[in-house]
Structure formats: C-alpha cells, structure tokens
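Just so you know, all these numbers are worked out from the coordinates, no wet-lab data involved. Computed from a predicted structure; not experimentally measured. Note that each Cβ is placed from the backbone with ideal geometry, even for glycine, and that neighbours are counted across all protein chains shown.
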Amino acid sequence: MDKFLIEKDSYFDSVFLMLINSEIKEHPGVSEAVVAMGTEMNVKLLSDMQLWDPRLEQVNPNDLIIAVRGEEKEKVEDALTVAKGMLSKKATTGEGQKYVPRSLQAAIKEVPDANLVLISLPGEYAAREARKALQNNMHVMMFSDNVSLDEEIELKKQAVEQGLLMMGPDCGTAIINGVPLCFANTVNRGGIGVVGASGTGLQEVTCLIDTFGGGISQAIGTGGRDLKNRKVGGRMMLQAIEALRNDDRTRVIVVISKPPAQEVADTVLSSLKKSGKPAVIHFIGLDSEPDEDNLHFAGSLEETAGIAAGLEKQAAWKPQEYAPTEQQKRKIIDRETAKIAKPQKYLRGLFTGGTLADEALILLEQKLGKVYSNNQSDEALQLKDPHVSLEHTIVDLGDDIYTVGRAHPMIDPSTREERIRREAKDPEVAVLLLDVVLGYGSHRDPAGAILPALKEAKQQALERGGYLPIVTSVTGTEKDFQGYAETIQKLEALGCIVMPSNYQASLLSVDLLEAIMNKRGE
Amino acid sequence: MSVEKINALFENDLEVLNLGLESFNTTLKEFGVKSTQIAWTPPAKGNQELIDALDSVSAVQSKIQAANDRAHEIILKGKPELVDIGIAEEVIPEMRKNLILHAGPPITWDRMCGPMKGAVIGGLLFEGMAANRAEAEDLAASGDIEFSPCHHHSTVGPMAGIVTASMPVWIMKNKIYGNMAYATLNEGLGKVLRYGAFADEVINKLKWMKDELAPILKKALHLHGPIDMKNIIAQILQMGDEGHNRNRAGTSLIIRELAPHVVMLNEKKEVLAKIFTFMHQNDHFFLNLSMPACKCIIDAARDIECSTVITAMTRSGTDFGIRVSGLGDQWFVAPAPKVDGLYLPGFSAKDAAADIGDSVITETVGIGGFAMAAAPAIVKFVGGTPEDAVQFTKNMYEITGVENNIFQIPALDFRGTPTAIDILKIAETGIFPVINTGIAHKDPGIGMVGAGLVKPPQECFYDAVKAFAKKYGT
C-alpha cells in the first residue's frame, strides 16, 4: 500500500530531505519512499514510480511531499510518523561548545530528562526557583536556608499535591539512588531507607549503618523545621515515608529528627505503623520508648543505626562488637587522666555538625548537669559571648553567629582552628571533644587542617604542668574520598582518642571528667 | 497521597540541575552523575520592585500561558505574501500629503536626531513641498506637517524610516489573518534618504524609483503572482542570511523570482539592465521585504488580552520603544542606546547616531540577531566569532516562547529560530534581545558608518513588566 503526506507551504532544504529520504527507505517494512519538495521534477519522478496520489497534481515547489510504499499498513504509517518526527526534530546536540543555560526554564528545555533540582542560592531567591522546579514536575533539594516558614509551608504543600520531593529548605544531606548530595558520605547500598530532619544526624546514621554492615536504599532530608514546627506538620517526612513504603528495595525505615511537636510525632508514628515495614525512630533528646509493633525506638544515633542494621540483616546488633571493651576503656581513662593538673575541670566540645553537637549536649547535660551552649534552649545556659566558653561548653560552630562572612566550618576549618587556639589558653579545660565529618561537601582533610592547632593545645597544657585529653569521632566510611583510616591515623598519631561514634565519644568524655573528679576526691 | 513520581525517581538514573554552589555540581560529575550547572543570576538583576511585579502575575500564570499560546499560534501560522506595489497615499491607512511617517515610537520634529531630520527634509523636497533645506526645515517645524510612526500605519521603515505620500511601497498581505503591511523600496547604499541624505542625487534616485523601478517591478510581480515571503525567509536562513544585517541571499532570490517576468515586459533592455544592476548592487534590497513580512506576521498577534509577547521593538535615533500584545497601543520608551560595532574606514564611534530604525522588527519575529547562528559571515562584521553567533541565538531561546516551525538554522541542526519574545522571561533572566544593526552617521546625509550589536535599554522592558503587573497582577 502507498501512503502520502502532503504539507502545503513547508519549505525544507533538499539536502536535509535527501538525508531523511535515505533513512525512511531503510525503515522496516518500507519498499519505496520519497521525501521531497513538490518540484516538477519530483512530481514526475513519483509519477514514473507509479507512486501516485491525485493531490500531487496540485502541489508546487513549496509543498512538502512524503510518500511511502510498503506491504503492511502499520509499518508504512509508522515510517510516515518517523519522517515527520525527523522533520520537526529539535536539536539537542548542536555543534560547537556546550551551551550553559542561564535560567532554570532554559535548563529544563536543554536537559529534558533531568529529575532533581539542587538549590543552594541565597535564601531570598531560593523559594522562587523551587516553585518553578515543582511546577515543572521536578524534585527539589534545597540546601539554602533563610527561607521563610510561610514559603516552606507553601512549597511543601505544592510538592505534596504533585507527589514530589521537597527536601529542605536547609537540607544539607541526602543520598538518592546511592548518590551523595551536598554533604553526604559514600555508603553501601542496601535495604534501609532513612528520613532525617537533620543533616549531620543523617550522615552519622548512614555512616554507622555502613560500618555495621548495613546498606542504604535512600536517605531523604526534610530540613530541620519539618517536624519541629507544627505548621509544617511533617509534610515531607510523611511524603518520604510513603515513598519508602512503596519502594521495594527498602525493607527497613529509619526516622530521625530533633524533638517534634507532639501531634506531628503522633502522625509520623501512625504513618510508620501503617507502612508495615520495620521502623526505627530516634527523636534526638527524647528518651526512647518501648518497642511497639513494627516500631523500634532508639536512644542515640548510634543505636538507631545499630537497630536498623540488625533488622536489615535479621541478626541482632551487638553494640559490644563496635566499642572498646571495659578493660580497654579503663586503660584509656587511666592513661589520659594521669597527668591532669589541678585547675583542669571543664569539657569543651567544639562541633562542626549541628546534630552531633546536640547529641553531645543532651548526653552531657544528663550526666554532668549544667552545660553552656549556643544551642541551649535554656536561656540561662546560653553563652553571653558565643566566642567565650563558660565551664562545660558545647558549641555548634555551624551556627550563623560563627559563620558570618565565611563558609560553614565543615568546609572552612579555620573557624574551629581559631576556637581551639582560644580554648588552649584556658587552664581550666580538662577535655576537648570534637567531631570530624568526612564525605562530599566537607573539607578535603578536616582532621589534618586542625592538627597543628591541636598539637599546640596539647603542648600548652604540658607547659602548664598538665595534660589535655582530646576525644574525637570520625563520621565517614572507608569509601569517602578523604580516607577514613588515614583520618583516624592522623588523629591517633597526635594522641587523640578516636571513638567509633559521636555517642561513644561523648560518653567517654563524661567518663574522663568523672575520673578526674574522683581523683580529686570531689 | 500519591508518591509515584518519587518512586519513579528511585527507579531512574538521577539527573540533576544545579542552581548555586558549583562544587555540588563538580562532585556529582565526579561521582558519574549527569549534572548541569545553571549560570544563574538573580531574577530581574535583583531589582525588588520588578521581582514583586513578576511574583504578582504568577497567580495568572495559566491565563498568560493560554494567551501566549494563542500569540504563538498566530505568529507561527501567519503567512505574509508580497502581493503588490502601490503608492503610499493610495494604500497605507490614513496616509495623506501632509503626513510623514518615521521610524521609532512617536516623536516630534524638535526631538528628531540628525539623520531623521535630514530624511524629513529630503521627503519634503521629493514631494515638492519645499524648494530647499531652509524651506523644508521651516515647514517641518511649522506644525503644518504631521508626524506619525510607521508602526501606527501597518508600515515599517529602515533607519530614519521616512515615508511620504507619493513614495511607492511594497504591499504584504497576511494570507491567514488578512492584515496588511507596507514598506518603501530600498534605495541602496551610500547617500540615501534613510540615512538622512537629501542632495539632488538622492531626490533624483527616489524619483527614478517611483517612475521607473516601481512600475516595472509591479508589472513583473503581477505576472509572477503573490510571493510567499515566509518560504523565502526560510530559504535565506539556510543560505547565510539572517534577514536584518545580511540580505544577500534574499536579494538574490527576489531577483531570481522576478527576473523571468521582468524580461517579458515590453521595455527597453537598457531600462531593464538598470533595474537589475540596481537590485544586484544593493545587498540590502531584500531588507525592505523581510521587514514588512515580519511586520505582517507579528501584527496579527497584537492586542491579545493577557499576552506578554512583544509585538514591536523600534528606535527613532532618539528613543527606543516596545509594544506588548496584552498592553494594547501603549509604547514603553527609553533613550536609544549607542551601537557597539565596527566602523567603516574613516569613521569612529564619535560619528555615530544613536540606534535608529524599524528594522528591529526582524528580531521581534525571531530572525535578525536572533538568527545570528544562521549567518556566520556577518559575525565577523559585528566583531565576533561563529561560536559567538551560536551563543547569541541560544541565549535568545531563554527569552522566547516557541521555536519557529519554518524558519530553521542549519548550524543548530535545523532547530527553529527563537520566536515570540516574552517580557516576563526578559525580566526573569536579565537577558535582553540581541539586535544586529547598521550604524548611521549622526549628521544628515553622510550615510552608514558601520554596523554592530545593540543592547536595548532595560528600562522600557522593565516598565512594560510593571505595567503588565499593574493591569493583570494580583
């Protein structure tokens, strides 16, 4: 059968048409094809080939003719469609240098398969771009902060309506399909889906899961206000839980957040229950509750990772396998407290990760009582001058008050370096507690960058006739580009104690302080 | 709650668009993920008043889209045909003896730049309404002569754009929408009226054009029948023209179309040879055809309620003005800028008049500077490289609504030209239309001194956005 398509007044260059002609001739099921302008010569050619349609008597050289002959109707029609498609083809790979789009709209046109927009623009502009991304059915991860609560609610409402991810604002960490986004670590893939309303909390948990032999299916950040603020109402947390529930790869769901608003917590828990998948919940700073159906409550980030890894492997997590023995700990404590001088009394925790600082703060408050911090909710315990520590102090150096005019301390270690030097001058400091966060986004050598300052601090303590214990933990995996083992090695070579988790580092600091107090007979 | 799109994300390869910190893009690429950095700049260059205006119309986004879809359809479907040649006062609406049409938005005699004044003088001499320069200037200033933009009369004119009552004009008809457009015949290079020259030789040439050239071409055109201009423009883009600053292929094609009919006329061969020589020696002969063809296309898309498509851009050498479909007859005007370009031997920037002419109607329809990638030959002329030309055109896709279905660019794998300029996209991206243009000498009668690129003044686009927000925003 013969099929014709005649488009009046559609000029195409003859060379271009010849190319299409040769392609269509090769098309399956096509025995003869002519794609040409309606010139007298071409019309005669068609007539000679007896590929004829009465409409050809009316064509002029401005008219496009597509004529296809073949046995089967379907294949002939298919070839016609292909020819039409080739004629209206949009070029995506033009000659010359690659075009750098200057707007989101243009980028969407240039890269039609893109599915996620990463936004780290100044807060005042971030929401507008996110809105556009969502309108175009793209998932969004928003690293930017300084986005208003109203805007966050509006964006998340829109995302839920359209069934999209709206991670953030102020979402620093996610791992989607095994790809670390912004500040995230390279971890094994596996069956544990994590949703976190906290950046370094997500990093710590995903890294520890990796260490404990588990793997991550997806790690989704929601931004810190998602559960804390009842108006945001955990919208993205619920959305993510629902997606993980439908995700076949995910066998265990983990939820971490700073303490949520009560009604939000209830909704989240009921949604987890509904998911039917085993779930581990850690609300940082809240006591863990007894397990309930498929819900497991964890008391620390480490325990969260442990329970999840155990559930994934269906073999209970044995914490003792991932911690020094009591005997080893005793030895460390004896060694580190032997030369402490009389005035040394206080702990100083200098953190680059906000959630890690929170975890330490909460734990130390329980064990030691008064702890000052820029993260304190108790106004009396907030630092009057954030740059000056008081007694026991934990500072989150990622707080805006420390980062004016410079990058986050995970990127730029100089903020913490300066603070270490300041603490080193204080004869009352008895223990220095630090986090070291590896992974994409972080400094290329976060431990190496602070080593000189740590060395000087130890030296100064010695010169005062004392000794400075430094307790650390490294958030990372063997696959992180900074090198996990090398990082630990560097710290240990200087005499720092490196514990397997932030939780254990915080606990050991307490042990050290208690041992120091005991010695003094207090 | 439907989360299928999230689960689809989990099942597919991640592909990222990165807005902001470039290091995020770099790490993703290191990780082997497809990621595209966007060279983002703050919307409206950070101008808060404008951002508010943009935000205020986002609520009527779907109405705007529907209106622009309608405008796009009209622009793409429009089919200008060259149907005839006539005398201005007989064919152009409201044209009369004491009315002079000019390029640009409305302007009074006292504010006209040198070349435009010169062309007005020449026009009055040509019409026999004044005997010399002094008389012509007195008459122009007297108030007895009215001035009106070509654009108000379905007409466009290059450079000074002066049209007087007895000048012959090309007549275009939009076969689909029925609207007409007009332009004078191009006079050639050197001392010509459109650059403000009014010496005897200029006037004599205009008379020859009226008495000999136009009648012969008119007869030849009648023998030929209507010429499909859209088709010709599609062809010239594949032959290295962009229809504004390069019209060599277009001129050749028109000669090819008309020649067989011209020679059949009962005229002396010396007369015919003169006509062919005249057309042949003027590479811009086709400009006065591409311009009314564009005018004919875009005018059909005027006055669409809620459309943000630009329907006119033009310059008088004093002002730069634009019109927007959804904002009716209103002109948004700012001072005409200087042209950034190359100068002919013996001239420099200090000789240049400010940007002038209706010829930016070509960019308004998506050819000219917008199709720069189609005309690498003139990129050198305007001081760039062929790669720059491609970048110019690609930038224009950011501020336009559609890609042309007929006008295609070979160097971009036959991608359609960027068509239908959207004021909201201009404000959003801070990218402004790229305009190719000739440069006139600032004094009357000297002619073209160079060519180059014009950066249009931002204010008129921004004012249009604010006016649009005021009319349609919430």
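When each of B:R315, B:R111, A:R225 is scored by the number of other beta-carbon atoms lying within 10 Å, the sequence from fewest to most is B:R111, A:R225, B:R315. Max-minus-min Cα coordinates of chain B on each principal axis give 79, 48, 46 Å, with the largest extent listed first. Taking amide hydrogens as placed 1.01 Å from N in the peptide plane, the amide H of B:T155 sits under 5 Å from those of B:Y182, each at least 5 positions away in sequence or on another chain. With the cut-off at under 11 Å, measuring from each backbone N in segment B:39-83 to a point 7 Å along the Cα-to-Cβ line of A:Q135 picks out B:54-65.
For chain A, what relative contact order do you get, as a whole percent, if you take Cα pairs closer than 8 Å and at least 6 residues apart?
Values: 1043 pairs, mean separation 51.2, N = 522.
Computed over chain A, the figure is 10 percent.
Think of segment A:72-169 as a dipole: +1 on every Lys or Arg Cβ, -1 on every Asp or Glu Cβ, centred on the Cα centre; then among A:N146, A:L116, A:G85, A:G85 lies furthest on the positive end. Each residue of segment B:200-209 was assigned a 3J(HN,Hα) from its phi angle through the Karplus expression (A = 6.51, B = -1.76, C = 1.60, θ = phi - 60°), giving 3, 4, 5, 5, 5, 5, 4, 5, 4, 4 Hz with x at Gly and Pro.
How much of the calculated P(r) for chain A lies past 33 Å, in percent of all Cα pairs? Mind dumping the intermediate values first?
On the way: 69763 of 135981 pairs.
The answer is 51 percent, as a whole percent.
Taking only the Cα atoms of segment A:75-170, the ratio Rg/Rh comes out at 1.16, with Rh defined as the Kirkwood radius.
Apply the Debye scattering formula to segment B:232-339, with a single equal point scatterer on each alpha-carbon and no solvent, then give log10 I(q)/I(0) at q = 0.11 Å⁻¹. Rounded to two decimals, the profile gives -0.52. A simple charge model with +1 on the Cβ of Lys and Arg, -1 on the Cβ of Asp and Glu and nothing else charged puts the dipole of segment B:361-474 at about 200 debye relative to its Cα centre. This ranking places B:L206, B:L50 by how few other beta-carbon atoms lie within 10 Å of each, fewest first, which gives B:L50, B:L206. Cα centroids of segment B:206-226 and segment B:335-359: how far apart, whole angstrom? Answer, in whole Å: 33.
Evaluating 6.51 cos²θ - 1.76 cosθ + 1.60 at θ = phi - 60° for every residue in segment B:117-134, the Karplus couplings come out as 4, x, 5, 5, 4, x, x, 5, 5, 4, 7, x, 8, 8, 9, 7, 4, 4 Hz, glycine and proline recorded as x.
Start at zero, step by 10 Å, and the Cα-Cα distances of segment B:59-103 spread as 20, 24, 25, 23, 8 percent across the bins. May I ask you to work out the translational diffusion coefficient for segment A:238-287 at 10 °C, viscosity 1.306 mPa s, via Stokes-Einstein with Rh from the Kirkwood sum over Cα pairs, reported in whole µm²/s? Translational diffusion coefficient: 142 µm²/s. For the peptide A:134-141, the mean number of other protein chain Cβ atoms found within 10 angstrom of a residue's Cβ is 2. Rounded to the nearest 20 debye, the dipole magnitude of the protein assembly as shown is 960 debye, with +1 charges on Lys and Arg beta carbons, -1 on Asp and Glu beta carbons, and the Cα centre as origin.
Equivalent-ellipsoid semi-axes (√(5λ), Cα gyration tensor) for segment A:319-468, whole Å, largest first? Could you put the intermediate results ahead of the total?
On the way: eigenvalues 108, 71, 66 Å².
Sorted largest first and rounded, they come to 23, 19, 18 Å.
Taking amide hydrogens as placed 1.01 Å from N in the peptide plane, the amide H of A:V437 sits under 5 Å from those of A:T475, each at least 5 positions away in sequence or on another chain. Percent of Cα pairs in segment A:375-422 per distance bin of 10 Å, from zero to the largest separation: 25, 55, 20, 0.
Of the residues B:L82, B:I255, B:A354, the one whose Cα sits farthest toward the positive end of the charge dipole of the protein assembly as shown, with +1 on the Cβ of Lys and Arg and -1 on the Cβ of Asp and Glu, is B:A354.
Can I get the semi-axes of segment B:167-320's equivalent ellipsoid? Compute them from the C-alpha gyration tensor as square roots of 5 times the eigenvalues, in angstrom, largest first.
Numbers: eigenvalues 150, 80, 44 Å².
Result for segment B:167-320: semi-axes of 27, 20, 15 Å.
Within 10 Å of the Cβ of each residue in B:390-399, the mean number of Cβ atoms contributed by other protein chains is 4. Axis of helix B:269-280 versus longest Cα principal axis of chain B: the two differ by about 30°, to the nearest ten degrees. Computed 3J(HN,Hα) for segment A:262-272, one whole-Hz value per residue from the Karplus formula 6.51 cos²θ - 1.76 cosθ + 1.60 where θ = phi - 60°, is 4, 5, 5, 4, 4, 4, 4, 5, 5, 5, 5, glycine and proline marked x. Based on Cα contacts under 8 Å between residues 6+ apart, segment A:368-522 shows a relative contact order of 18 percent.
Any idea what % of Cα-Cα pairs in segment A:1-141 are farther than 25 Å? So the portion of pairs separated by more than 25 Å is 48 percent.
Note on the protein assembly as shown: Cα convex hull, mean projected area over all directions, 49.9 nm². Within straight-line reach of A:K339, meaning a Cα separation under 28 Å, sit the following lysines at least 8 residues removed in sequence or on another chain: A:K329, A:K331, A:K367, A:K370, A:K425, A:K455, A:K458, A:K490, A:K519. Working ranking of peptides A:324-331, A:232-239, B:363-370 by packing, defined as the average number of other Cβ atoms within 10 Å per residue, highest first, is B:363-370, A:232-239, A:324-331. In percent, rounded to a whole number, the relative contact order of chain B is 20, using alpha-carbon pairs under 8 Å and six or more apart. Put simply, the C-alpha atoms of segment B:1-135 give a gyration tensor, and the ellipsoid matching it has half-axes of 57, 23, 17 Å, longest first.
For segment A:432-461, applying the loop criterion from DSSP together with a ceiling of 15 other beta carbons within 10 Å to the trypsin sites (Lys or Arg not before Pro) yields A:R444.
I need the per residue convex hull volume for segment B:12-55, using only the alpha carbons, in cubic angstrom as a whole number. Please list the in-between numbers first.
Numbers: hull volume 3.3 nm³, N = 44.
Measuring per residue, one finds 74 Å³ for the Cα hull of segment B:12-55.
The angle between the Cα long axis of helix A:73-87 and the main principal axis of chain A comes to about 70°, on a 0 to 90 degree scale. Its Kirkwood hydrodynamic radius, worked out from the mean inverse distance over all distinct Cα pairs, puts segment B:333-433 at 14.6 Å. Each stretch of four or more DSSP H residues adds -39500 (n - 2.57); spread over every residue of chain B, this sum gives -11500 deg cm²/dmol at 222 nm. Over segment A:3-76, the hull volume per residue, using the convex hull of the C-alpha atoms, is 80 Å³. Computed as a quarter of the hull surface, the mean projected area of the alpha carbon convex hull for segment B:106-215 stands at 7.3 nm². Global dimensions of segment A:400-497 from alpha-carbon coordinates: Rg and Dmax equal 13.7, 41 Å. Across segment B:168-255, counting alpha-carbon atoms alone, Rg and Dmax equal 14.7, 42 Å. Less than 5 angstrom separates the built amide H of B:F407 from those of B:T417, all sequence-distant by 5 or more or on a different chain.
How large is Rg over Rh for segment B:69-146, taking Rg from the Cα atoms and Rh as the Kirkwood inverse mean of 1/r across Cα pairs? If you can, show how the numbers build up before the last one.
Working: Rg = 16.8 Å, Rh = 14.9 Å.
The Rg/Rh ratio comes out at 1.13.
Which stretch or stretches of segment B:72-89 have amide N atoms under 12 Å from the point lying 7 Å from B:Y177's Cα along the Cα→Cβ direction? In segment B:72-89, the label zone of B:Y177 (backbone N under 12 Å from the point 7 Å along Cα→Cβ) covers B:72-80.
At 4 °C and 1.567 mPa s, grab the translational diffusion coefficient of segment A:250-396 from Stokes-Einstein with a Kirkwood Rh over Cα pairs, rounded to a whole number in µm² per second. My calculation gives 73 µm²/s for D.
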